[in-house]
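Peer 1: Structure below; questions to follow.
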Amino acid sequence: MTTYLIDADIVAFKAAAATEQAVDWGDGFWTLHGYLNDAEAYIENYFADLIAKLGKGDLVLYLSDKENWRKKILPTYKANRAGTRKPLLLPVICEWMRTRYLAKSVPLLEADDLLGIKATKDNGCIIVSEDKDLKTIPATVFNPAKDAEPHKITEQEANYNFMFQTLTGDKTDNYSGCPSIGPKTAEKILSGTETLEDMWAAVVKSYSKQKLSTEVALQQAQVARICRASDFNFKTKKVIPWTPPI
């Protein structure tokens, strides 16, 4: 039976955001509240719709840990999110997911990493996520918000998307990539490259043109890298930061 690897971070956030309500009690007094039952129903319907579209399968949910291994490489990673209010019920829903669906997390890893590791380790898995970062994983991926059906990402496509992300950076996750390089420029830089070695050489050259060292390019690549099975030590449960091909 197919295993659906669920990005539970996104599902929990969507459920929490969709079911919280602001109430005006008059005289300038407002409160924010949410009903857990509504959020639970939102999630149950989300999974029912998924099964209706893709067929029966096992749901395996992953949640991000509170700590993040990428911050050891780039301390400012996701620092832009500090102080941003999260939906009221988010932590409660995450705990409910752990009980109801046995949602899993691993110290220092993001949900994306767990999805990538599992999908590249075991056969018969489909990643279910609305996060574009999962395009860097050579696996079968389904975006419920955009896709009509799951699609297979080849290793070459995954490597291209990984190097593309290394060039453009990600404002949402607060890493810059290579200065002055947007999507169109990144496409030109990687145009004609086929192997990861060629892609990396093009990336390093682009950083060099901006008077940035290979070490800076590597730092950006390491935080852009969504873990695959080869990037994880299963004995120590620790990430192996990406190193360039020789």
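Peer 1: Alpha carbon centre of segment 73-125 versus segment 12-44: separation in Å?
Peer 2: Spelled out, the Cα-based centre of one part sits 22 Å from the other.
Peer 1: Could you compute how much accessible surface E20 exposes when probed at 1.4 Å, giving the result in Å² to the nearest 10?
Peer 2: For E20, solvent-accessible area is about 40 Å².
Peer 1: Let me make sure I get this right: for segment 59-168, a, b and c are the square roots of the gyration tensor eigenvalues over alpha carbons, sorted descending. Under 1.5 in a/c it's rounded, otherwise prolate if a/b > b/c, else oblate. Which is it?
Peer 2: Oblate, since a/c reaches 1.5 and b/c is not below a/b.
Peer 1: Would you please give the residues with an amide H less than 5 Å from that of L63, counting only those at least 5 places away or on a separate chain, with H modeled from the backbone geometry?
Peer 2: K104, S105
Peer 1: Note down the relative contact order for segment 1-138 as a percent, whole number, built from C-alpha pairs under 8 angstrom at least six residues apart.
Peer 2: Answer for segment 1-138 is 39 percent.
Peer 1: HN-Hα J couplings of segment 99-109 from phi, Karplus 6.51/-1.76/1.60, θ = phi - 60°, integer Hz, Gly and Pro as x?
Peer 2: 7, 6, 10, 6, 4, 10, 9, 10, x, 6, 9
Peer 1: Residues with beta-carbon under 14 Å from that of M1, excluding M1: net charge, scoring Lys, Arg +1 and Asp, Glu -1?
Peer 2: Once all neighbours under 14 Å are counted, the net charge is -1.
Peer 1: Looking only at G192, G28, G124, which one moves most when the chain is put into a Gaussian network model with springs between Cα atoms under 10 Å?
Peer 2: G28
Peer 1: Ratio of alpha-carbon Rg to the 2.2 N^0.38 Å globular estimate for segment 115-170, to two decimals, please.
Peer 2: Rounded to two decimals, the normalised Rg is 1.08.
Peer 1: Build a GNM of the chain with springs between Cα atoms under 10 Å: which of W200, W30, W96 gets the top mean-square fluctuation?
Peer 2: W30
Peer 1: Which whole-number percent is the relative contact order of the chain (Cα, under 8 Å, 6+ apart)?
Peer 2: Dividing the mean separation by the residue count of the chain yields 20 percent.
Peer 1: Explain nothing, just compute: Karplus ³J(HN,Hα) = 6.51 cos²θ - 1.76 cosθ + 1.60, θ = phi - 60°, for every residue of segment 79-86 in order, whole Hz, x for Gly and Pro.
Peer 2: 5, 5, 8, 4, x, 7, 5, 9
Peer 1: Still on this structure, I have one more. Kindly provide the GluC sites (Glu not before Pro) of segment 165-227 that DSSP labels as loop, not H, G, I, E or B, and whose Cβ sees at most 11 other Cβ atoms within 10 Å.
Peer 2: In loop regions of segment 165-227 (DSSP not H, G, I, E or B), the sparsely surrounded GluC sites (Glu not before Pro) are E194.
Peer 1: Something else now. Can you give the net charge of the other residues whose Cβ lies under 14 Å from the Cβ of D38, counting K and R as +1 and D and E as -1?
Peer 2: Charge balance in the 14 Å sphere: -2.
Peer 1: For segment 1-120, would you read off the P(r) tail past 25 Å as a percentage of all alpha carbon pairs?
Peer 2: 33
Peer 1: Rank T168, T84, T19 by mean-square fluctuation in a GNM of the chain with C-alpha springs under 10 angstrom and give only the top-ranked residue.
Peer 2: Maximum among the listed residues: T84.
Peer 1: Whole-Hz Karplus ³J(HN,Hα) for segment 237-242, in order, using 6.51 cos²θ - 1.76 cosθ + 1.60 and θ = phi - 60°, x for Gly and Pro?
Peer 2: 3J(HN,Hα) across segment 237-242, in whole Hz: 6, 10, 6, 9, x, 4.
Peer 1: Once you wrap a convex hull around the alpha carbon atoms of segment 106-246, what is its projected area averaged over all directions, in nm²?
Peer 2: Averaging across all directions leaves 9.0 nm² for the Cα convex hull.
Peer 1: Let me ask something else. Need one value: the accessible area of I117 in square angstrom, 1.4 angstrom probe, rounded to the nearest 10.
Peer 2: Its accessible surface works out to 10 Å², give or take rounding.
Peer 1: Here's something else I'd like to know. Going by amide H atoms built from the backbone, whose H comes under 5 Å of the H on F232, apart from near neighbours?
Peer 2: I240
Peer 1: While we're on this one: With every protein chain left in place, what is the accessible area of V239 in Å² (1.4 Å probe, nearest 10)?
Peer 2: 30
Peer 1: Once all Cα-Cα distances of the chain are split into 5 Å bins that start at 0, what whole-number percent is in each one?
Peer 2: Bin by bin from 0 Å, the calculated values are 1, 6, 12, 16, 17, 16, 13, 9, 5, 3, 2, 1, 0, 0.
The values are calculated or read from the model by the stated rules, or taken from the named source; none is laboratory data. All figures in this text were calculated on a predicted structure; none of them were measured in a lab. Here the Cβ is made from the backbone with ideal geometry for all residues, glycine too, and neighbour counts use every protein chain on show. Note: accessible area is taken over every heavy atom of the protein model, side chains too, but ligands, DNA and RNA are not part of it. Shrake-Rupley method; radii C 1.70, N 1.55, O 1.52, S 1.80 Å.
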